[in-house]
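See structure below.
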Amino acid sequence: MTRTYDKERTLFAQVAPRIEQELPGTAVLALELIQSDRFCVFIDHPDGVTLDLCQEVTRVLEGFREEWGIDVSSPGLDRPLRTQAHFLAAIGGQVNIRTDRKVGGATKFRGELVAADTTEIVVAQDDESVHIPYALIVRGNLIDEG
């Protein structure tokens with residue numbers, strides 16, 4: 001499974017700067033492999049994510065389409081969390097977190113995000129606080145409580 005996350009990080013590093021440079025205001029929040037030959041890019045924009053913007057992102061990624069199937073999506077209600085800024089903005093919210101190695105005996109966490117600093121996040125889960133270093137996080141999402 002770690003190879004999947006490594007591939008996602010590599011693709012993210014290639015895709016995000018290209019999109020953000022060519023489409024000002026567009027933020028690439030996350031990239032997830034859906035299949036071995038298909039990925040989804042989660043984007044956001046201050047004016048919202050429209051079908052036209054998704055089509056523009058697909059156009060910007062035209063060179064990747066020879067090797068990859070590409071989906072483009074808004075963050076949705078279960079907004080992806082990957083960076084310190086994402087986690088800082090989500091403090092107080094309910095989150096799902098997955099790590100690529102065990103932290104305190106587990107790799108999956110669900111609870112309230114109570115803190116985030118430069119090196120780790122803190123999730124309150126089952127009456128205890130779990131400190132999770134950013135370097136170990138491979139998936140993080142807000143939980144829609146609506």
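The values are calculated or read from the model by the stated rules, or taken from the named source; none is laboratory data. All values derive from a computational prediction rather than experimental measurement. Cβ placement follows ideal geometry from the backbone for every residue including glycine, while neighbour counts extend to all protein chains displayed.
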- [ ] Go through the stretch 85-115 and give me each residue that's of a type outside the set (Asp, Glu) and within 21 Å of GLN14 (Cβ to Cβ).
- [x] ALA85, HIS86
Task: Counted residues, the stretch 77-111 - those being of a type outside the set (A, V, I, L, M), free of Cβ contacts under 8 Å to residues at least 40 places away in the same chain and within 11 Å of LEU142 (Cβ to Cβ) - done: 1
- [ ] Please tell me if THR118 is in contact with a Leu (Cβ under 7 Å, 6 or more places away or on another chain), within 28 Å of THR10 (Cβ to Cβ) and not assigned by TED's automatic domain parsing to the domain that holds GLN21.
- [x] no
- [ ] Within the stretch 111-139, track down each residue that is within 18 Å of the chain's Cα centre (by Cα) and loosely packed, with under 14 Cβ neighbours inside 10 Å.
- [x] ASP117, THR118, THR119, PRO133, ALA135
Open item on the list: Would you confirm, using the coordinates I've provided, whether ILE91 is surrounded by fewer than 17 Cβ atoms within 10 Å (Cβ to Cβ), of a type outside the set (Gly, Ala, Ser) and either out of contact with any helix residue (DSSP H, G or I) (no Cβ under 6 Å at 6 or more places or on another chain) or part of a loop (DSSP other than H, G, I, E, B) (or both)?
Closed with: yes
Task: Tally of residues being of a type in the set (A, V, I, L, M), assigned to a helix (DSSP H, G or I) and either assigned by TED's automatic domain parsing to the domain that holds LYS102 or crowded, with 17+ Cβ neighbours inside 10 Å (or both) across the stretch 1-28 - done: 4
Open item on the list: I'm checking my understanding of the structure. Among residues of the stretch 29-54 that are part of a helix (DSSP H, G or I) and under 20 Å from the mean Cα position of the chain (by Cα), which one is surrounded by the most Cβ atoms within 10 Å (Cβ to Cβ)?
Closed with: LEU53
- [ ] For the stretch 77-85, indicate whether the set of residues that are in a helix (DSSP H, G or I) and under 25 Å from THR118 (Cα atoms) is non-empty.
- [x] yes
